[in-house]
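> I'd like to ask you about the structure that follows.
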Amino acid sequence: MANKTLAIIKPDAVKDNYIGEIISMITKAGFNIKAMKMIHLTKAQAQKFYEVHKERPFYNDLIDYMTSGPCIPIALEKENAVEDYRKLIGATDPTQAEEGTIRKLYARNKQFNAVHGSDSDENALREIAFFFSEKELLENYYD
Ligand code: CMP
């Protein structure tokens, strides 16, 4: 059964011109793109999206980072999407990420780490709904 996950190409990777390389790695790994857009998050949007991290010491830096330029949220579908996508992107800190992963190749450091990936099926649906309406999701297109 196909599951969904939310990827975001974060502002550092957009600025560093890695959009094409990252999307290519995602589609070559067998993910189908269900929806995609480029958006410059407002502070309020970023605070809402990262609400779960609001007690963390890096929260304010994270909000500044995610509002520093446009990012590209992408709704993805694949069997085992959440786990497979997290394998593809590698560890949060690129120095800890495996060779050949997106973060190893394109992240600047632990904070400016190029991409986001949902951490559970439940969060994936919540995060996809944060960025995309039902109408924007290409349901059944790849069937
Ligand atoms: P991600 O794991 O996708 O979601 C939380 C983000 O917070 C993380 O990526 C980084 O961009 C950022 N982050 C995590 N740890 C730190 C840290 N120690 N200092 C600054 N930013 C961090």
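> As a quick test, which of the pairs K104/K135; K43/K78; K28/K48; K28/K54; K4/K54 have an alpha carbon distance above 29 angstrom in this structure?
K104/K135; K43/K78; K28/K48; K28/K54
> Whole angstrom only: what separates the Cα centroid of region 82-108 from the Cα centroid of region 22-66?
15
> How much area per residue is accessible in the chain when the probe is 1.4 Å and only protein heavy atoms are counted (Å²)?
55
> Also: Under a crude label model (7 Å from the Cα following the beta-carbon direction), how far is T42 from F130 in nanometres?
According to this spin-label approximation, the distance is 1.6 nm.
> Related question: Hey, what's the per residue convex hull volume over the C-alpha atoms of region 1-61, in cubic angstrom?
On the way: hull volume 7.8 nm³, N = 61.
Convex hull of Cα atoms, per residue: 128 Å³.
> Round to a whole number: what % of the accessible area of region 2-134 belongs to carbon and sulfur, probe 1.4 Å?
48
> For the chain, what does the relative contact order come out to in percent, with C-alpha contacts under 8 Å and a separation of six or more?
37
> Can I ask one more? Between D93 and L137, how high is the FRET efficiency from 1/(1 + (r/R0)^6) when r is the Cβ-Cβ distance and R₀ = 41 Å? Nearest 0.05.
0.80
> Let me ask something else. For region 63-109, take every pair of Cα atoms, bin their distances at 10 Å starting from 0, and report each bin as a whole percent.
Taking every Cα pair in region 63-109, the percentages come to 25, 42, 32, 1.
> Taking R0 as 25 Å, what's the FRET efficiency between M1 and S24 from their Cβ-Cβ distance, rounded to 0.05?
The calculated FRET efficiency here is 0.45.
> I need the P(r) histogram for the chain: all alpha carbon pairs, bin width 10 Å from 0 out to the longest distance, whole percents.
12, 44, 37, 7, 0
The values are calculated or read from the model by the stated rules, or taken from the named source; none is laboratory data. No experiment lies behind these values; they were computed from the predicted model shown. Counting neighbours? That spans all protein chains shown, and the Cβs are built from the backbone with ideal geometry, glycine included. The accessibility values were calculated without ligands, DNA or RNA, using every heavy atom of the protein model including side chains. Shrake-Rupley method; radii C 1.70, N 1.55, O 1.52, S 1.80 Å.
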